[in-house]
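This report concerns only the one structure given below.
The values are calculated or read from the model by the stated rules, or taken from the named source; none is laboratory data. Remember, predicted model here, so these are calculated numbers, not experimental data. FYI the Cβ positions are ideal-geometry reconstructions off the backbone, even for glycines, and counts take in every protein chain you see. When the accessible area is computed, the model is the full protein with side chains, heavy atoms only, and any ligands, DNA or RNA have been set aside. Shrake-Rupley method; radii C 1.70, N 1.55, O 1.52, S 1.80 Å.
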Amino acid sequence: MLISLHKQATTTPKVRAAIQASTEPAWVVAERYGISEQTVWKWRKRDSVQDRSHTARRLQTTLTPTQEAVAVSLRKSLLLPLD
């Protein structure tokens with residue numbers, strides 16, 4: 001089975017499942033796996049052991065005034081349509 005982990009992942013699904021099943025204090029589990037206590041708490045709160053999407057949940061759909069000015073000037077100079 002191939003596991004697709006992001007570059008910064010410090011745990012695998014197997015380790016995450018062990019973290020979730022453990023009843024030991026967070027600091028003990030953190031020392032065992034060489035991770036922070038915050039990582040232990042994070043995986044204990046989750047229902048799944050799979051990585052979540054890293055796509056922003058709220059995508060930016062509006063332009064700042066500066067970005068809008070640049071877009072307008074490019075459209076005018078290059079004679080581009082609005083679509």
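So the values come out like this:
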{"quantity": "Segment 3-37 residues near the modelled Gln50 label - backbone nitrogen below 17 Å, point 7 Å along Cα→Cβ", "calculated": "3-6, 12-17"}
{"quantity": "Mean Cα-pair separation over length for the chain, i.e. relative contact order, pairs under 8 Å, 6 or more apart, %", "calculated": "21"}
{"quantity": "Percent RCO, i.e. relative contact order, over segment 9-49, from Cα pairs under 8 Å lying at least 6 residues apart", "calculated": "43"}
{"quantity": "At R0 = 35 Å, FRET efficiency that the Cβ-Cβ distance of Arg57 and Leu78 yields, to 0.05", "calculated": "0.55"}
{"quantity": "Stretch gain in nm, segment Ala17-Ser36, where the contour uses 0.36 nm per residue and the Cα spacing is subtracted", "calculated": "5.2 nm"}
{"quantity": "Accessible heavy-atom area order of Ser53, Ser22, Ser4, highest first, probe of 1.4 Å", "calculated": "Ser4, Ser53, Ser22"}
{"quantity": "Between helix 65-78 and the chain: long-axis angle, C-alpha atoms, 0 to 90°, nearest 10", "calculated": "50"}
